[in-house]
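Working notes, structure below.
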Amino acid sequence: MKYKEIFMRRALQLAKNGLGMTSPNPMVGCVIERNGVILSEGWHYKKRMLHAEALTINNIKNKYLFFDCTLYVTLEPCVHFGETPPCVDLIIRNNIPRVVVGIQDPCDKVKGLGIQKLRKYGIEVIENVLINECRFLNKRFFTFYEKKRPYIILKWAQSDDGFIYSYSENKKDNWISGIHARQLNHKWRSEEDSVLVGRKTVLNDNPKLNVRKWFGINPIRIFIDKKLSISNSHFILDGSQHTIVFTEKYKKNTENIEYIQISFEKKIINQILNFLYKKKILSLIVEGGKKTLESFIKENVWDESRVFICDVLLKSGLKAPEIDGIFYKKINIDKDQLKVFNLR
Ligand SMILES: NC(=O)c1ccc[n+]([C@@H]2O[C@H](COP(=O)([O-])OP(=O)(O)OC[C@H]3O[C@@H](n4cnc5c(N)ncnc54)[C@H](OP(=O)(O)O)[C@@H]3O)[C@@H](O)[C@H]2O)c1
């Protein structure tokens, strides 16, 4: 491995600690190295908290050490005042002579300006070290700024014979996947900003859509209910978690529930995604049912699909959606198989 890549890999490792915590900010990791030794390291823990660079620089009390140090950071340092002052200014003030950047920040307020300012002050900047890994780390953040919509994951579980739901009366419960697949799904919820389901899924399954079998922040719950037919007795309207209902009717918001009026004459998915973009919601996991998943597939607005092929036969029921993506990976989760596809 090349010298610079060793330290960038460590910065990437650190950045991943922020998964599910930093949105709408990106995950960022940082390392300060001198003569092959790491003097300080850090990552962006959570939105509104210090950026990775500030945390890493502040850890070093003896500022004279900086004179021949290199700072490695997975994403271009910010140059604007947000909730914290610009990291670029901190690097300049501390006379750090060299900065290695994983990838340019895609957001308009930065987009190369951070690197430009560092160079203007005589700092050597080496760009694009492990660029693909740094981009993948922040796939949600890059999709949001480049496509002006959240990063979208379609998720469902289907029986080995291709059904997502059985109409049979005597099924024990609605679960098709095993407990480990379900636990993994809770982990996924903790990683995304929002989770969306259709009206019939709310009606048939009464899902809580929270993070119970893992730890982390609950996603914002979203569902489509044209006529506001779902009663308050359903978990999704219990107010325990921020919830957004897309509807054609007017209803006053309550403490944790927002009712957003949209036109059902126009493309619904576009209206939903535009709203989420304006709210700075970086990612969305769509958990069914069939009609809802298929509306995203039809519009070709998704980035990743995660499909559990489960160790049960339903023989009849609601057919699973069909998706044409690029096969990415296959993992066995207990008796179930997870297949992941990316958009072509
Ligand atoms: N195995 C799994 O992974 C899994 C996951 C989730 C759900 N499910 C199963 O799937 C079943 C439900 O699937 P489903 O296809 O019947 O229903 P669904 O997708 O849950 O809900 C469909 C309803 O949501 C609204 N909706 C969704 N997308 C819309 C769009 N683009 N435009 C307008 N309205 C939209 C409509 O409500 P209106 O009728 O009010 O217009 C539509 O009838 C459930 O029984 C559930 O158990 C399985």
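The values are calculated or read from the model by the stated rules, or taken from the named source; none is laboratory data. On a predicted model such as this, the values are computed, not experimentally measured, just so you know. Because the Cβ atoms are built from the backbone with ideal geometry, glycine has one as well, and the counts that use them run over all protein chains shown.
Among (1) polar (S, T, N, Q); (2) within 23 Å of Lys2 (Cβ to Cβ); (3) surrounded by fewer than 22 Cβ atoms within 10 Å (Cβ to Cβ), there is one condition Thr56 misses while meeting the rest; what is its number?
Thr56 satisfies every listed condition except (3).
Check Met1 against each of (1) loosely packed, with under 15 Cβ neighbours inside 10 Å; (2) of a type in the set (A, V, I, L, M, F, W, C); (3) in a strand (DSSP E or B) and name the one condition it does not meet.
Among (1) loosely packed, with under 15 Cβ neighbours inside 10 Å; (2) of a type in the set (A, V, I, L, M, F, W, C); (3) in a strand (DSSP E or B), the lone unmet condition for Met1 is (3).
Check the stretch 232-244 and report whether any residue there is within 9 Å of the ligand (Cβ to nearest atom) and either part of a strand (DSSP E or B) or within 18 Å of Gly198 (Cβ to Cβ) (or both). Lay out the reasoning, then the answer.
Residues of the stretch 232-244 that are within 9 Å of the ligand (Cβ to nearest atom), as a first pass: none.
No: zero hits.
Of all residues in the stretch 108-159 being of a type in the set (Val, Ile, Thr) and in a strand (DSSP E or B), which is surrounded by the most Cβ atoms within 10 Å (Cβ to Cβ)? Outline the logic, then answer.
Of the stretch 108-159, the ones of a type in the set (Val, Ile, Thr) are 110, 115, 123, 125-126, 129, 131, 143, 152-153.
So of that shortlist, the ones also in a strand (DSSP E or B) come out as 125-126, 152-153.
Details: Val125: 16, Ile126: 13, Ile152: 24, Ile153: 22.
Ranking the candidates gives Ile152 first.
How do the pairs read when you match residues in the stretch 1-13 that are free of Cβ contacts under 8 Å to residues at least 24 places away in the same chain with residues anywhere that are part of a helix (DSSP H, G or I), using Cβ under 8 Å and keeping only pairs 6 or more apart or on different chains?
Met1/Arg9
For residues that are farther than 15 Å from Ile224 by Cβ and basic (Lys, Arg), scanning just the stretch 251-300, find the one that is surrounded by the most Cβ atoms within 10 Å (Cβ to Cβ).
It comes out as Lys279.
If I ask for residues that are in a strand (DSSP E or B) and either in contact with a helix residue (DSSP H, G or I) (Cβ under 8 Å, 6 or more places away or on another chain) or under 12 Å from Phe308 (Cα atoms) (or both), which ones from the stretch 330-344 would you list? Break it down stepwise before answering.
So in the stretch 330-344, the residues in a strand (DSSP E or B) come out as 330-333, 336-342.
Within the stretch 330-344, Lys330, Ile331, Asn332, Ile333, Asp336, Gln337, Leu338, Lys339, Val340, Phe341 meet the criteria.
Restricting to the stretch 160-214, name every residue that is aromatic (Phe, Trp, Tyr), surrounded by fewer than 19 Cβ atoms within 10 Å (Cβ to Cβ) and at pLDDT below 95.
Tyr167, Trp175, listed by residue number.
A quick yes/no check of all residues on (1) under 21 Å from Ala320 (Cα atoms); (2) among the small types (Gly, Ala, Ser); (3) not assigned by TED's automatic domain parsing to the domain that holds Leu313:
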residue	(1), (2), (3)
Lys155	yes, no, no
Gln158	yes, no, no
Phe163	yes, no, no
Tyr167	yes, no, no
Ala181	yes, yes, no
Lys187	no, no, no
Ser194	no, yes, no
Val197	yes, no, no
Pro207	yes, no, no
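I'd like to verify a number: residues in the stretch 282-340 that are in contact (Cβ under 8 Å) with a residue 24 or more places away in the chain and either within 12 Å of the ligand (Cβ to nearest atom) or β-branched (Val, Ile, Thr) (or both), how many?
The total comes to 32.
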